[in-house]
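The values are calculated or read from the model by the stated rules, or taken from the named source; none is laboratory data. A quick note: this is a predicted structure, and the numbers were derived from the prediction, not measured. Positions of Cβ are backbone-derived with ideal geometry, glycine not excepted, and every protein chain shown enters the neighbour counts. The area values use the complete protein model at the heavy-atom level, side chains included, leaving out ligands, DNA and RNA. Shrake-Rupley method; radii C 1.70, N 1.55, O 1.52, S 1.80 Å.
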Amino acid sequence: MSADSSLRSENSGPGLVPATGAVIRIPDIRHMGDWLTGAAIFAVCLELVFSLGHISLYRENALIELSQCMLLWTGGGLFIAAATRARDRISFLAFLWLALLILALLMREIEFEDTRFAAWSVPSFLHEIKYAVTGLLAVLLFLSSRRATMPVVQAGAAWVLKGSGRWMAAGLAAYLLGDLGDKELVFAAKEANLMMEESAELLGTLCLFITAHTALRRRSILLPSPLQKP
């Protein structure tokens, strides 16, 4: 009996899958995020196609803005997760700054006017408390990372130019394009500018979400050599 046939007979005992049988492949759950990201891209594309011309879907707290908030919430959480898994202090701080940027954009999108929460609004500076909280977090993060400011900026710039941070650059560019619509500098009709603004911002938030997913999925680092620890 050959060694090969002997090995097949040993592997075909009780409770074992016969060597000659089909191999049962177990899905790799690590790729679940890839599938969900692909689904998010597909859903956003469908949303933009079927929402075109329906101006009510572009107004405050309507479908387009709610989609932006969902992507920002998820993207911020992914950046925080990437920061906790970073191998060096520079990457750790950079991902926290990116999470704070996502939070700032989220606070910008959240509005209570014309909603059931409008009656709870306080006619004072508390209207802007969301910006005060974001500013306080920025100050605390700056104080904790002031000695690493230049390394973080330099590493982040290289990441944007060469790494997955290019999605971040695309997202910010989309936000700038949306700002032109917000200032009604592109079209004569206000509705057309609104649709342009919200569509560009939705694409921008999608790019930021992809950036955050890539940062966590690939365990991105912003330094060539991850020697420091957060």
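Which of the residues that make up the stretch 56-83 are open to solvent by 40 Å² or more (accessible area, probe 1.4 Å), in contact (Cβ under 8 Å) with a residue 24 or more places away in the chain and of a type in the set (Val, Ile, Thr)?
Within the stretch 56-83, just Thr74 meets the criteria.
Kindly indicate whether any position in the stretch 160-170 is open to solvent by 50 Å² or more (accessible area, probe 1.4 Å), at pLDDT 85 or above, closer than 25 Å to Arg85 by Cα and touching a helix residue (DSSP H, G or I) at 6+ places or on another chain (Cβ under 9 Å).
yes
Would the stretch 178-191 turn up any residue that is surrounded by 15 or more Cβ atoms within 10 Å (Cβ to Cβ), in contact (Cβ under 8 Å) with a residue 60 or more places away in the chain and assigned to a helix (DSSP H, G or I)?
Taking every residue of the stretch 178-191 in turn, none turns out to be surrounded by 15 or more Cβ atoms within 10 Å (Cβ to Cβ), in contact (Cβ under 8 Å) with a residue 60 or more places away in the chain and assigned to a helix (DSSP H, G or I).
Kindly indicate whether any position in the stretch 16-28 is of a type in the set (D, E, K, R), assigned to a loop (DSSP other than H, G, I, E, B), at pLDDT below 80 and open to solvent by 70 Å² or more (accessible area, probe 1.4 Å). Don't jump to the end; show me each part of the working.
Here is the first cut: in the stretch 16-28, the ones of a type in the set (D, E, K, R) are 25, 28.
Then drop every residue that is not assigned to a loop (DSSP other than H, G, I, E, B), which leaves 25, 28.
Going one step further and asking which of them are at pLDDT below 80, we end up with 25, 28.
This time we only want the ones that are open to solvent by 70 Å² or more (accessible area, probe 1.4 Å), so: 25.
Scanning the stretch 16-28 turns up at least one residue that is of a type in the set (D, E, K, R), assigned to a loop (DSSP other than H, G, I, E, B), at pLDDT below 80 and open to solvent by 70 Å² or more (accessible area, probe 1.4 Å).
Take Arg89 and tell me if it is surrounded by 17 or more Cβ atoms within 10 Å (Cβ to Cβ), at pLDDT below 90 and either of a type outside the set (Phe, Trp, Tyr) or in contact with a strand residue (DSSP E or B) (Cβ under 8 Å, 6 or more places away or on another chain) (or both).
Considered against the rule, which asks whether it is surrounded by 17 or more Cβ atoms within 10 Å (Cβ to Cβ), at pLDDT below 90 and either of a type outside the set (Phe, Trp, Tyr) or in contact with a strand residue (DSSP E or B) (Cβ under 8 Å, 6 or more places away or on another chain) (or both), Arg89 comes out as yes.
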